[in-house]
């Protein structure tokens, strides 16, 4: 039964992102701050680090394609970036310790890299015209603060679910 938790959590996070996106933009002190929830990519990074890189890439491809189809008009952007970020996490974690704090920091760095790549791509195709300093102050920083709060609240839950799945897989290898 635990083997279905990982895809179900991924699906729940996929549907939660646009709901939390409704809280954006925030208006504070006369300025607008945009918060983009990136719950799914953070969960996929945890899968790549603690569970299996191959599964993380497959989930990244599946959810990236879903994201492309449902939320943006450019097919292939998220379905390329999600697995690429998972692949980067899998290779980085080979040379560092898999402690929860280290994984949390790695996840936040890769999420910031993901946001920056998206910004550069949209700026390259002239879909976004905001300068870099405006992007950093009004979008990247608030996004990273909100996503770090989410990760601090649920990062250990992600690890517990993945550890439970690993234990189940060790007890019954044919359910891999």
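The values are calculated or read from the model by the stated rules, or taken from the named source; none is laboratory data. Remember, predicted model here, so these are calculated numbers, not experimental data. With ideal geometry, Cβ positions are generated from the backbone for all residues, glycine too; neighbour counts draw on all protein chains shown.
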Looking at (1) surrounded by 14 or more Cβ atoms within 10 Å (Cβ to Cβ); (2) touching a helix residue (DSSP H, G or I) at 6+ places or on another chain (Cβ under 7 Å); (3) farther than 21 Å from residue 13 by Cα, which one does residue 123 not meet, given that it meets all the others? (2)
Checking 117, 57 in turn, the sole residue that is in contact (Cβ under 8 Å) with a residue 12 or more places away in the chain, touching a helix residue (DSSP H, G or I) at 6+ places or on another chain (Cβ under 6 Å), under 25 Å from residue 154 (Cβ atoms) and assigned to a helix (DSSP H, G or I) turns out to be 57
Residues that are exposed (fewer than 12 other Cβ atoms within 10 Å of the Cβ) and part of a helix (DSSP H, G or I), drawn from the stretch 19-32: 19
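Condition check ((1) surrounded by 12 or more Cβ atoms within 10 Å (Cβ to Cβ); (2) out of contact with any strand residue (DSSP E or B) (no Cβ under 8 Å at 6 or more places or on another chain); (3) part of a helix (DSSP H, G or I)) across all residues:
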site	(1), (2), (3)
8	no, yes, yes
35	yes, no, no
40	yes, yes, yes
44	yes, yes, yes
49	yes, yes, yes
When you look at residue 108, is it more than 16 Å from residue 34 (Cα to Cα) and either surrounded by 19 or more Cβ atoms within 10 Å (Cβ to Cβ) or at pLDDT 95 or above (or both), yes or no? yes
Matching option when the condition is in contact (Cβ under 8 Å) with a residue 60 or more places away in the chain and either under 19 Å from residue 40 (Cα atoms) or outside any helix (DSSP H, G or I) (or both), among 107, 138: 107
Residues of the stretch 160-176 being within 20 Å of residue 45 (Cβ to Cβ) and in contact with a helix residue (DSSP H, G or I) (Cβ under 6 Å, 6 or more places away or on another chain), which ones? 161, 162, 164, 165
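Residue-by-condition table, conditions (1) at pLDDT 95 or above; (2) in contact with a helix residue (DSSP H, G or I) (Cβ under 8 Å, 6 or more places away or on another chain):
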residue: 28; (1), (2): no, no
residue: 61; (1), (2): yes, yes
residue: 68; (1), (2): no, yes
residue: 77; (1), (2): no, yes
residue: 91; (1), (2): no, no
residue: 99; (1), (2): no, no
Using beta carbons and a limit of 6 Å, which pairs, at least six apart or on different chains, have the first residue in the stretch 23-38 and farther than 18 Å from residue 152 by Cβ and the second one modelled with pLDDT under 85? 34/24
Quick check, is residue 127 free of Cβ contacts under 8 Å to residues at least 12 places away in the same chain and outside any helix (DSSP H, G or I)? yes
